[in-house]
Amino acid sequence: MTVYDLHCHSTASDGTLTPTALVTRAAQRRVDYLAITDHDDISGLSEAHQASTGTSVRIINGVELSVAWKRQSIHIVGLFFDAGSPALQDVLASVRIARRQRAEAISKALAQVGIGGALEGARRFVTNEALISRAHFARFLVDQGYVSNKRKAFNRYLGQGKPAYVSFTRPAISEGIAVLRAAGGTAVLAHPGRYPLTATAMRNLLDEFRDSGGDAIEIFSPSHTPMQNERFIEYARFYGFKASLGSDFHDPEESHVDLGALPPLPSGLTPVWSI
Ligand code: AMP
Ligand code: MN
Ligand code: MN
Ligand code: MN
């Protein structure tokens, strides 16, 4: 059986393994096709391609693009694009700038609840100067003993509706899809079960995603409950979306699903990698 893992993070965003270490781990875990999908950054891809030569792992170009839909923060996994596309690089660079501005606002919000020095603290966990994510703040909060694990850092401070939640300016979902497609890529709706939407709002999101040129949805994700996996298999069938899957692996300690540790795609769905 061919093993695909089309969603994971390296040190080019908020993962803790370098692209090379991810490729090595993927090879050990018998992953055949790996997409490294860093948040709003594709600087890890050339190292990943280099590291894969001489191994059994094939690298698929990937990115996890932050977009907005009706004030919701939505993630689009882009696959198979040309990493040399200037339009794509421009959009990613602008999102990274917005992330830096948000990081300052998060730090101020944490100071308001008595947690000082958060920006400097989070920066100690940053591995790509150009990219800061809430995961870096979460690691700082765990490291300093404010919370005992990453999940609690989101539940108490960083998650939507919590005291240090701050949004940032992102492209609209239709613009994100368009730039990925113009770069020859495929747009996949990441972990659809993660978004706090009613059933009606979810159908509105899926309608707009399809109408904007979205190709596929993740049906298996560690963010999903088993019931959500079933639900998104049904949605993929109903909408005619191709199916994708990924571990969303970030770190050997933090992540409870390792590279490649996903069930095979159910029959009757078209995989995102089929032409
Ligand atoms: P950002 O894109 O900077 O807003 O942060 C999103 C990242 O934060 C995700 O990719 C995860 O790494 C992490 N994250 C978000 N929500 C949670 C959560 N509930 N538990 C653990 N990590 C989370
Ligand atoms: Mn992340
Ligand atoms: Mn995501
Ligand atoms: Mn991710």
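Worth pointing out:
- Picking from residues in region 48-73 that are β-branched (Val, Ile, Thr) and within 16 Å of ligand 2 (Cβ to nearest atom), the one that is farthest from the chain's Cα centre (by Cα) is VAL67.
- Single match in SER94, SER73, SER66, SER107 (criterion: in contact with a His (Cβ under 7 Å, 6 or more places away or on another chain) and either assigned to a helix (DSSP H, G or I) or within 16 Å of ligand 3 (Cβ to nearest atom) (or both)): SER66
- Looking across region 170-219, the residues that are away from ligand 3 (no atom under 15 Å from the Cβ) and at positive phi come down to GLY184, GLY213.
- The set of residues from region 1-39 being in a strand (DSSP E or B) and in contact with a His (Cβ under 9 Å, 6 or more places away or on another chain) comprises CYS8, ALA35, ILE36, HIS39.
- Just one of (1) within 30 Å of GLN112 (Cβ to Cβ); (2) touching a residue at least 24 places away in the same chain (Cβ under 8 Å) fails for ASP143. It is (2).
- Test: residue in region 59-73 that is of a type in the set (Lys, Arg), within 21 Å of GLY213 (Cα to Cα) and more than 15 Å from ligand 4 (Cβ to nearest atom): yes
- Residue match in region 199-217 (condition: within 16 Å of ligand 4 (Cβ to nearest atom) and either within 16 Å of the chain's Cα centre (by Cα) or surrounded by fewer than 18 Cβ atoms within 10 Å (Cβ to Cβ) (or both)): yes
- Meets criteria (crowded, with 16+ Cβ neighbours inside 10 Å, of a type in the set (Val, Ile, Thr), part of a strand (DSSP E or B) and touching a strand residue (DSSP E or B) at 6+ places or on another chain (Cβ under 7 Å)) for ILE42: no
Where a number appears in this text, it was derived from the coordinates with a stated rule and is not lab data. In this text, all values refer to a predicted model and were calculated from it rather than measured experimentally. With ideal geometry, Cβ positions are generated from the backbone for all residues, glycine too; neighbour counts draw on all protein chains shown.
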